[in-house]
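Some notes on the structure that comes next.
The values are calculated or read from the model by the stated rules, or taken from the named source; none is laboratory data. The structure displayed is predicted, hence computed values, not measured ones. Using ideal geometry, Cβ is built from the backbone for each residue, glycine included, and neighbour counts are taken over all protein chains shown.
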Amino acid sequence: MRVIEVKEVEIDKIRVPEWNRRTIVSDQEVNEIASSIKSNILIEPVVVRKLDDGGYELISGFMRFNALKSLGRETIEAKIIECSDEEGLTISLDENLKRSNMHPFDIAKKIEYMYRSLGLSVREIGRRLNRDESWVSMMLSIGSLCDEVKKILAPKVRDIPTLYEISRLKDPKGQELASRIIAEHNLSRPMASKLVKEIMEKGYEAVEREYNRILEESKDMGGRGLYDSEEFNMLNASNKSKALMEAQDYRTCDICGERRPKEDVKFIAICRDKHDAFHDMIKLYRKYGSENGDERMMYVLEIANITKGLDIEELREYAEKAKVHRAES
């Protein structure tokens, strides 16, 4: 690579190669760069190389290039270099890897281009980028995800290990199902890995049927988690679906498991006609909770634990909710 000169170049003469186009262009980032330019804050020149027809190819500085275009500028300061295709991609990727806001799909696209179009080996790409071979292989797998999956994931998922987990599914339909569930419910990395394993073991059709069944049932499960079944115990309480949050007409009794109108299921989700004793204890707690309140509540929880076998940590969460409910009453 050799630097020829730094000078103002007409923006219209600069072409952006396909491998250098972003999957998602952040309007916020473009606007921040544009504001810096307006404030006369020093912006590093973009890097280009000269083409045989007199035009230029953009090597690095995609967001700066777009920011200046958005301001209606006709020229941009550019560092003109002489380099091979391999050197140009290495320079571009080296800059990208230093920026935390670069989407993994965009990094994967450039690595895939180096591997498939330029014929560089995994080892050679790793050497050029100062990365190990396993990381390069992971990015190649991510780059191989089908276009529909990338469209679903690009706005919501940036975690490289999660994207790699999805790429382990070789069937595009399996990838799409996993992507929809992970993006819709903001699954954590361990939850995403569990979902992928489910699809690998059972097949995407079986998993999709089960998912749709639970999604439909959740509309009548006010206050309960979407994945309460053993097969889909993947979502935290904070990641409930919109359908679940909107299900306000019915709740499920924690003791007998029956669905009841919400006015019949109060406090710790216990229906009245079958479990009057529980409601009596709750009334005592609410009336005398300031004295030995924790002791009374633990008595309620112990009976509930024997009755239903709920996890003690979950019961303690109910206890905390009960205290808040009492304080607000």
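Could you give every pair whose Cβ atoms fall below 8 Å, whose first residue belongs to the stretch 127-146 and is over 25 Å from Arg180 (Cα atoms), and whose second residue is not in a helix (DSSP H, G or I), counting only separations of at least 6 or pairs across chains?
That search, which allows pairs on different chains as well, returns Arg128/Leu120.
Give just the number: which of (1) touching a Gly at 6+ places or on another chain (Cβ under 9 Å); (2) among the β-branched types (Val, Ile, Thr); (3) not assigned by TED's automatic domain parsing to the domain that holds Ile214 does Ile199 not satisfy?
With (1) touching a Gly at 6+ places or on another chain (Cβ under 9 Å); (2) among the β-branched types (Val, Ile, Thr); (3) not assigned by TED's automatic domain parsing to the domain that holds Ile214 applied to Ile199, the lone miss is (3).
For the subset of the stretch 4-60 comprising residues that are part of a helix (DSSP H, G or I) and in contact with a strand residue (DSSP E or B) (Cβ under 8 Å, 6 or more places away or on another chain), which member is farthest from Ala78 (Cα to Cα)?
The residue in question is Asn20.
Conditions (1) among the aromatic types (Phe, Trp, Tyr); (2) touching a His at 6+ places or on another chain (Cβ under 9 Å); (3) in contact (Cβ under 8 Å) with a residue 12 or more places away in the chain, marked per residue:
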site	(1), (2), (3)
Trp19	yes, no, yes
Val25	no, no, yes
Asn40	no, no, no
Ile43	no, no, yes
Leu51	no, no, yes
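For the stretch 117-127, give me each residue that is closer than 18 Å to Leu97 by Cα and either in contact with a Pro (Cβ under 6 Å, 6 or more places away or on another chain) or surrounded by 18 or more Cβ atoms within 10 Å (Cβ to Cβ) (or both). Quick ask: steps written out before the conclusion?
Of the stretch 117-127, the ones closer than 18 Å to Leu97 by Cα are 122-127.
Those that are closer than 18 Å to Leu97 by Cα and either in contact with a Pro (Cβ under 6 Å, 6 or more places away or on another chain) or surrounded by 18 or more Cβ atoms within 10 Å (Cβ to Cβ) (or both): Val122, Ile125, Gly126.
What residue, among those in the stretch 61-99 that are assigned to a strand (DSSP E or B) and aliphatic (A, V, I, L, M), is surrounded by the most Cβ atoms within 10 Å (Cβ to Cβ)?
Ala78
Per-residue answers, yes or no, for (1) in the same structural domain as Ala108 (by TED's automatic domain parsing); (2) among the hydrophobic types (A, V, I, L, M, F, W, C); (3) assigned to a helix (DSSP H, G or I); (4) at pLDDT below 85:
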{"position": "Leu169", "(1), (2), (3), (4)": "no, yes, no, no"}
{"position": "Glu176", "(1), (2), (3), (4)": "no, no, yes, no"}
{"position": "Arg180", "(1), (2), (3), (4)": "no, no, yes, no"}
{"position": "Glu230", "(1), (2), (3), (4)": "no, no, no, yes"}
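Test Ile214 against the stated conditions and say whether it is crowded, with 16+ Cβ neighbours inside 10 Å and over 24 Å from Val122 (Cβ atoms). Full working, then the answer.
Details: crowded, with 16+ Cβ neighbours inside 10 Å: yes; over 24 Å from Val122 (Cβ atoms): yes.
Yes: the conditions hold for Ile214.
Please determine, by comparing only the residues of the stretch 42-60 that are in contact with a helix residue (DSSP H, G or I) (Cβ under 7 Å, 6 or more places away or on another chain) and surrounded by fewer than 17 Cβ atoms within 10 Å (Cβ to Cβ), which one is farthest from Asn130 (Cα to Cα).
Ranking the candidates gives Gly55 first.
Looking for something of a type in the set (Val, Ile, Thr), more than 27 Å from Arg128 (Cα to Cα) and out of contact with any strand residue (DSSP E or B) (no Cβ under 8 Å at 6 or more places or on another chain) - is there at least one such residue anywhere in the stretch 61-79?
No; the residues of the stretch 61-79 include none that is of a type in the set (Val, Ile, Thr), more than 27 Å from Arg128 (Cα to Cα) and out of contact with any strand residue (DSSP E or B) (no Cβ under 8 Å at 6 or more places or on another chain).
Pick out the one residue from Leu129, Leu89, Leu120 that is among the hydrophobic types (A, V, I, L, M, F, W, C) and either assigned by TED's automatic domain parsing to the domain that holds Lys38 or under 16 Å from Glu57 (Cα atoms) (or both).
On the way: Leu129 fails: either assigned by TED's automatic domain parsing to the domain that holds Lys38 or under 16 Å from Glu57 (Cα atoms) (or both); Leu120 fails: either assigned by TED's automatic domain parsing to the domain that holds Lys38 or under 16 Å from Glu57 (Cα atoms) (or both).
The match here is Leu89.
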